[in-house]
Each structure stands twice: as structure tokens, then as C-alpha cells.
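All of the numbers you see were taken from the coordinates with simple rules; none came from a lab. Since the structure is predicted, the reported quantities are computational estimates derived from the model, not experimental observations. Neighbour counts are summed over all protein chains in view; Cβ atoms, including those assigned to glycine, are modelled from backbone coordinates with ideal geometry.
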Amino acid sequence: MTTPAESAPRPGSSLATHLVPLRRNSGWLMAAGIALVILGIVGLGAVAMLSLASAIWFGAMILVGGVVVLIDAFRHQGWKSRMLHILIGLLYVAVGLMTFANPLLATASLTLLAGAALVATGVLRLVVAFQNRELPAWRWLALSGALSLLLGGMILAQWPGSSVWVLGTFFAIELIFQGWAAIALARAIRSTFDGVKSR
């Protein structure tokens, strides 16, 4: 049975003390955030090149995914769905190789898919918003749906010309937001653990 003295927290043994390594590594997190913001801003000035890079990156990911699916399928002998997984893996590999063979076509295809997805998302959000008009925030949901619908329609109306800027712009904005999030997290860690020293 523990005594009150044993169960009482030891001086300096706070959660912040145990998390001091986060404070020491916050500089790296801050540097990574700044680098991401800079890359995103630079990317906004070269959206065409970034669009191609995004398509190639997608091709690389789906190619690796296909290889992994094929390896996994061949490792499981007697699996009922083995042939189906082999076909899926071959499809992934084929799409990845086609992306590398013609990145411009891949960029146009991904842009078309992004535009269609935005239109579908916008329509669904509008439907949900008008089905829930009793909620106080339904107008914000409707506005979000309208903006998605407008952006998707603009992308599809300008396609295939929009493939030059859509993916690159989206990717650059994503880099900027990721960078700001990392910077904010690093600043929060520093302010939380200021004055806390490791034992």
C-alpha cells in the first residue's frame, strides 16, 4: 500500500519535464516549416512544372503500390482472391508506367478527375446543406458546396488548358499550409516548455 508521500508527485517531475526533448527539436520543426512555406511560394511561380512533378509523384506512388500488391499476392499461395489481387497490382503498375511514359497526359487526366471530384463534392454539400436548413450553420455548408461546384466547373470548362496550373497550384498551397502548421506547432512547443529544464 502506497503512502501519501509516495503517491505525491515528485518536485520537477511534471509532464513538461518529460517532454523537454520536443523543445530541443523544435528548431528542426521550425526550419522544416519555413522550408515548406518557401517551396510553396516558389511553386506558385512555377505551377506548370509543379503540376508535372505532382503527376510523376502520383505515378511513382501507384507504381510502388502495384509492386507491393503483386509481391503480397504471390506470397499467399492458395488464396481465393489471389488472381484478383494480381490483376489489381498489374493495373497499378501499368498506370504508374504510363504516367512516366506520358506525364502530360497523366497531368491532364488527374486534372479532369480533380475537377469532376470537386463538382460532385459541391453538389453533395449543397444537397446536405438544404436537407439540414434547420441547423444554424447550413448556410456555411451551402457556401462551401457552391465554391467547390464553382471551382470544379471552372476547371472542367478550361480543361485541358487547366491541367497546366491546377495540380501545381493545389500542391503549392498544400506545401504552404503544411509549412505554416509546422511553424505554429514549433512556436507552441517553445512557448509551452519555456523555462522547463531537463533533469
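Things worth noting here:
- Over the Cα atoms of the stretch 41-187, the radius of gyration divided by the Kirkwood radius equals 1.10; this is the Rg/Rh ratio.
- Every Cα-Cα pair in the stretch 100-199 was counted, and those over 23 Å apart are 52% of them.
- 3J(HN,Hα) from dihedral phi, the stretch 45-56, Karplus parametrisation 6.51/-1.76/1.60, rounded to Hz, x for glycine, proline: x, 9, 5, 5, 5, 5, 5, 5, 4, 5, 5, 5
- Where trypsin sites (Lys or Arg not before Pro) fall in DSSP loop in the stretch 29-128, at most 14 other Cβ within 10 Å: 80
- Here the spin labels are modelled as points 7 Å beyond Cα on the Cα-Cβ line, and at residue 31 and residue 56 they lie 2.6 nm apart.
- Annotation: extensible slack from residue 150 through residue 117 equals 10.7 nm (criterion: 0.36 nm per residue apart, minus Cα-Cα distance).
- The stretch 27-40 - phi-based ³J(HN,Hα) in whole Hz, Karplus 6.51/-1.76/1.60, Gly and Pro as x: x, 5, 5, 4, 5, 5, x, 5, 4, 5, 5, 4, 4, x
- On full extension, the segment bounded by residue 130 and residue 67 gains 18.2 nm, given 0.36 nm per residue less the C-alpha separation.
- In Hz, Karplus ³J(HN,Hα) per residue of the stretch 89-96 (6.51, -1.76, 1.60; θ = phi - 60°; x = Gly, Pro): x, 5, 5, 4, 4, 4, 5, x
- Förster radius 35 Å - calculated FRET efficiency between residue 101 and residue 157, Cβ distance, rounded to 0.05: 0.80
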